[in-house]
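Below is one structure; the comments refer to it alone.
The values are calculated or read from the model by the stated rules, or taken from the named source; none is laboratory data. Since the model is a prediction, treat every value here as computed from it, not as a measurement. Here the Cβ positions follow ideal geometry from the backbone for every residue, glycine too, while neighbour counts run over all protein chains shown. Note: areas computed on protein heavy atoms with side chains; ligands, DNA, RNA excluded. Shrake-Rupley method; radii C 1.70, N 1.55, O 1.52, S 1.80 Å.
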Amino acid sequence: MYSSVDVIWTLLGAFLVFFMQAGFTLVEAGFTRAKNAGNIIMKNLIDFCFGTVLYWIIGFGIMFGGSSAIFGGFNFFASGTLTFDLPTPTFLLFQTVFCATAATIVSGAMAERTSFIAYCIYSAIISGLIYPISGHWIWGGGFLAEMGFHDFAGSTAVHMVGGVAAFVGAAILGPRIGKYTKDKKSQAIPGHNLTFAALGVFILWFSWFGFNGGSTTSMTGDDTMILASNVLVNTNIAAATGTIAAMVVSWIKYKKPDVSLTLNGTLAGLVGITAGCDVVSAPGAVAIGSIAGIVMVFAVEFIDNKLHVDDPVGAVAVHGVCGALGTLLTGVFAVEGGLLYGGGLSYLGTQFIGVFVTMAWVGATTTVLFTVLKHTVGLRVSAEEEIAGMDLMEHGLPTAYSGFVITPDMTDGSGQTVTQNALAGNGSLLNPTPELATNVANIQLEDTVEETSSATTATKDWLRPSAAKEKTDITTISVVINENKLEKLKNGLEDIGIEGLTVTQVLGHGIQKGNTEYYRGSPVPTKLLPKVKVDVVVSSIPVHQVVEKMKRILHTGNPGDGKIFVSNMENVIRISNSDEGSEALQGYDTKI
């Protein structure tokens, strides 16, 4: 006889854990670039689908099909004489969503450069073989369970498994183009939508109540209800303290509270408490969450700057490091048998063995898996495909944001900013050496005065009222500004009789030299931001009058006011009536 309350509670937990897929999708998409958002969506969708099918066919039987020390059994399609306190389909669904969680963790660490077919194969193998075997050792009656290893809801069984696989995969795969300079210094590649990432973290926090709370698989009896309540309280406390700790540490280290690291701190606290949420007190949850949040910040920096493993979302630090750490800290803070409660080192030693064995298993098997994939179907896409974006090259999707203006990707192999190259129909690069400004001060405009001593002298002469007409009849005056100053500039130029302007969208630096900003502990490369270039062609109005007007309008005294460029124009020809020179500039208006 089954308890309807227990079945409903477990199914509710399964539904919440399934909803974590949406959270992971948003976090990964938000922490990566817009050109790969569709690929992130596909990977998080497909790994759940492969996980569902493969775990049902073979994984569930391997994990729970027997009580031998190493291997469960080959109970294909969850068949045979499997007995649980819940109906087999209920328990199967609950365990399936946990398996899918372990598989999807890898997606973020290997984002933006992994071949989609290779990722599909990986998802099938980790769901059908790698995860179920170590899961049997911990939850299926295997040798770690017999030793007394404690991992209530999966800090090691789920999160560390995913984190270790993520580390191995990212290391074998190599970093994204532009992530490291030639001297191996890390360069930040900011995610395109931290709002998505924050929403994803909130979804994961909410769903974690099903992940940990649902792992009681029962709500029958006073003792079980108290246990479940304590689990939920501890889960929430650890998430909150992990968030606060990560925020404070990032604030101290980088002088400002880092948004992405703070979001990771929430997940670090949740991962850390998952192993021992049923056996620690609320103060123990505070300690575990805080330690996990602090360690995560340093782990992200160490993995990035010292190991040079490119993990765009911090999956290795959050799931791998904090999963192992939380499991070990269970041996410290468990109220019965923990180190701080008089239990000695026995409990902690057992936890260490479980972490070490699981880490070795996953590390070894995924190393073989990713190496084989690398030399067969190919683990990584080509540089051309990576630069163009996975959405376009892997899925034929020009953009996941149709109708929105997206700032182009601007990182190359040297860590310098460049444009996202245009692609021909066959996928070849149309412009392998794009010409974009790397600083507003260095923007090269057409017909710029030649850098010769005579040209320099001539330019200075133009600015003298008495010499303006002597040197040239037609002059181009160009200035690059922030768009919010355009209307004021337009009105000011109209006041002196200039109504004809040409306005062009350009890109320029938004960070002044000397002010280093950080993203996830790495310096943010100077980023090209949208600006406008205003061109004015004058003949009868003195050049110095136009220049002085521009200076009065645009001057603030701060870096970033821009520069004014003055250059000769050889001729102007009006197409409609073939007027040339100054005549072509009279008698008509040019609209912006």
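Can you find a residue that is in contact with a Gly (Cβ under 7 Å, 6 or more places away or on another chain), open to solvent by 10 Å² or more (accessible area, probe 1.4 Å) and under 12 Å from residue 207 (Cβ atoms) anywhere in the range 5-14? Yes. Tell me whether the range 167-181 contains one or more residues that are open to solvent by 10 Å² or more (accessible area, probe 1.4 Å), under 21 Å from the mean Cα position of the chain (by Cα) and of a type in the set (Phe, Trp, Tyr). Scanning the range 167-181, I find at least one residue that is open to solvent by 10 Å² or more (accessible area, probe 1.4 Å), under 21 Å from the mean Cα position of the chain (by Cα) and of a type in the set (Phe, Trp, Tyr), so the answer is yes.
Among the residues making up the range 529-568, those that are aliphatic (A, V, I, L, M) and in contact with an Asp or Glu (Cβ under 6 Å, 6 or more places away or on another chain) are 532, 554.
So which of 330, 367 is under 25 Å from the mean Cα position of the chain (by Cα) and open to solvent by less than 70 Å² (accessible area, probe 1.4 Å)?
Answer to the check: 367.
Among residues of the range 292-303 that are free of Cβ contacts under 8 Å to residues at least 24 places away in the same chain, those with a Cβ under 7 angstrom from a residue that is of a type in the set (Gly, Ala, Ser), sequence gap 6+ or separate chain, pair up as 299/317.
Could we say that residue 552 is open to solvent by less than 30 Å² (accessible area, probe 1.4 Å), modelled with pLDDT of 80 or more and out of contact with any strand residue (DSSP E or B) (no Cβ under 7 Å at 6 or more places or on another chain) here? Answer is no for this residue.
Would it be correct to say that residue 262 is in a helix (DSSP H, G or I), buried (at least 24 other Cβ atoms within 10 Å of the Cβ) and in contact (Cβ under 8 Å) with a residue 12 or more places away in the chain? No; evaluated as a whole, the condition is false for this residue. In the range 484-523, of all residues being closer than 30 Å to residue 540 by Cα and either at pLDDT below 80 or polar (S, T, N, Q) (or both), the one that is surrounded by the most Cβ atoms within 10 Å (Cβ to Cβ) corresponds to 500.
For the range 1-51, the set of residues classified as outside any helix (DSSP H, G or I) and charged (D, E, K, R) consists of 33 only. With the structure loaded, tell me whether residue 592 is open to solvent by 40 Å² or more (accessible area, probe 1.4 Å), at pLDDT 85 or above, touching a strand residue (DSSP E or B) at 6+ places or on another chain (Cβ under 7 Å) and more than 30 Å from residue 302 (Cβ to Cβ) or whether it fails that test. Here the answer is no, as residue 592 does not meet what is asked.
Scanning the range 55-109 for residues that are open to solvent by 50 Å² or more (accessible area, probe 1.4 Å), without any contact (Cβ under 8 Å) to a residue 40 or more places away in the chain and of a type outside the set (Val, Ile, Thr) returns 74, 76, 77, 79, 80, 89.
Somewhere in the range 428-440, is a residue more than 20 Å from the chain's Cα centre (by Cα) and modelled with pLDDT of 50 or more? Before the answer, list the steps.
Keep residues of the range 428-440 that are more than 20 Å from the chain's Cα centre (by Cα), which gives 428-440.
If we keep only those that are modelled with pLDDT of 50 or more too, we end up with none.
Looking through the range 428-440, none of the residues is more than 20 Å from the chain's Cα centre (by Cα) and modelled with pLDDT of 50 or more.
Suppose the filter is surrounded by fewer than 23 Cβ atoms within 10 Å (Cβ to Cβ) and at pLDDT 95 or above; does residue 281 pass it? So residue 281 passes the test. Restricting attention to the range 185-201, the residues that are within 17 Å of residue 101 (Cβ to Cβ) and not small (Gly, Ala, Ser) total 1.
Among the conditions (1) farther than 22 Å from residue 41 by Cα; (2) crowded, with 21+ Cβ neighbours inside 10 Å, residue 114 misses just one, which is (1).
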